[in-house]
Amino acid sequence: MAQIAVFAALIAALGLPGAITVGFSGVPITVQTLGVILAPAVLGARKGTAAVAVFIALTIIGLPLLSGGRTGLTALAGPSAGYLVGWIPAALVIGLLTARIVPKYPLVPALLVNAVGGIAAIYLFGTLGLLLRTDLGVLAAIQANGVFLPGDLLKVVVATIVAKGVHRAYPGLIRG
């Protein structure tokens, strides 16, 4: 329980720098996805997904923990709804795939695991959310993700390096 709470708090703290809205989609760039990638990469599927779910639940009940002081209901009513919803399956994918590569947590497979969950899964849901919440067509909704890609690749690298250090120090943290 403490690990879940700590990672939910980390995701909240990563929202403190705020958000930058760029591009035409109206979806902000935030640092919080770093926490969404890191939680399951360190804690595994069950606890990592629980940490993300706890964080989202806190925002839905009205706590302004999303970057820019937004609540979950505000985010779900706007163009970023799909990205927020996508955090939970992304955490699950990362956690399940991470369990296959621990305790060694080799760098290249770990980068791929975090990219598949942290980028592909979130972008899939984000694109679907853009299609439902905006007037964007399919191609425009897919292209809207391009502005996020450089930062998200950096978040994947940072999360992977941190998780590798944690798994080296605590090799039994996730049971493979």
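The values are calculated or read from the model by the stated rules, or taken from the named source; none is laboratory data. Given the structure is predicted, the values throughout are model-derived calculations rather than measurements. A quick note on method: Cβ atoms are made from the backbone with ideal geometry, for glycine too, and the neighbour counts reach across all protein chains shown. What goes into the accessible areas is simple: the full protein's heavy atoms, side chains included, and nothing from ligands, DNA or RNA. Shrake-Rupley method; radii C 1.70, N 1.55, O 1.52, S 1.80 Å.
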* Looking at region 1-56, which of the residues that are free of Cβ contacts under 8 Å to residues at least 24 places away in the same chain and in contact with a strand residue (DSSP E or B) (Cβ under 8 Å, 6 or more places away or on another chain) is nearest to Val162 (Cα to Cα)? -> Ile20
* Selection within region 57-87 - farther than 18 Å from Ile119 by Cα, part of a helix (DSSP H, G or I) and among the aliphatic types (A, V, I, L, M) -> Ala57, Leu58, Ile60, Leu73, Ala75, Leu76
* Cross-chain or 6+ apart pairs with Cβ under 9 Å, region 133-150 first and without any contact (Cβ under 8 Å) to a residue 40 or more places away in the chain, then part of a helix (DSSP H, G or I) and open to solvent by 40 Å² or more (accessible area, probe 1.4 Å) -> Gly137/Leu131; Val138/Leu131
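Results for (1) among the basic types (Lys, Arg); (2) more than 12 Å from the chain's Cα centre (by Cα); (3) more than 28 Å from Gly137 (Cβ to Cβ); (4) surrounded by fewer than 24 Cβ atoms within 10 Å (Cβ to Cβ), shown as yes or no for each residue.
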position	(1), (2), (3), (4)
Leu14	no, no, yes, yes
Pro17	no, yes, yes, yes
Ala39	no, no, yes, no
Val42	no, yes, yes, no
Thr49	no, no, yes, no
Phe55	no, no, yes, no
* List the number of the failed condition for Ala163; all other conditions in (1) open to solvent by less than 30 Å² (accessible area, probe 1.4 Å); (2) closer than 23 Å to Ala75 by Cβ; (3) small (Gly, Ala, Ser) hold. => (2)
* Asked: So which residues in region 61-79 are under 17 Å from the mean Cα position of the chain (by Cα) and within 13 Å of Gln32 (Cα to Cα)?
  -> Leu65, Leu66, Ser67, Gly68, Arg70
* In the set Val54, Val22, Val85, which member is among the hydrophobic types (A, V, I, L, M, F, W, C) and in contact with a Phe, Trp or Tyr (Cβ under 6 Å, 6 or more places away or on another chain)? -> Val85
* Does region 58-73 contain at least one residue that is among the polar types (S, T, N, Q) and at pLDDT 95 or above? -> yes
* Asked: Of all the residues that make up region 73-123, how many are small (Gly, Ala, Ser), crowded, with 24+ Cβ neighbours inside 10 Å and more than 21 Å from Thr59 (Cβ to Cβ)?
  -> 1
* Could you say whether any residue in region 31-54 is under 19 Å from Leu149 (Cα atoms), in contact with a Lys or Arg (Cβ under 8 Å, 6 or more places away or on another chain) and not in a helix (DSSP H, G or I)? -> yes
* Restrict the check to region 21-37 and report whether at least one residue is touching a helix residue (DSSP H, G or I) at 6+ places or on another chain (Cβ under 6 Å) and among the aromatic types (Phe, Trp, Tyr). => no
* part of a helix (DSSP H, G or I), β-branched (Val, Ile, Thr) and over 17 Å from Val116 (Cβ atoms): does that describe Val158? -> no
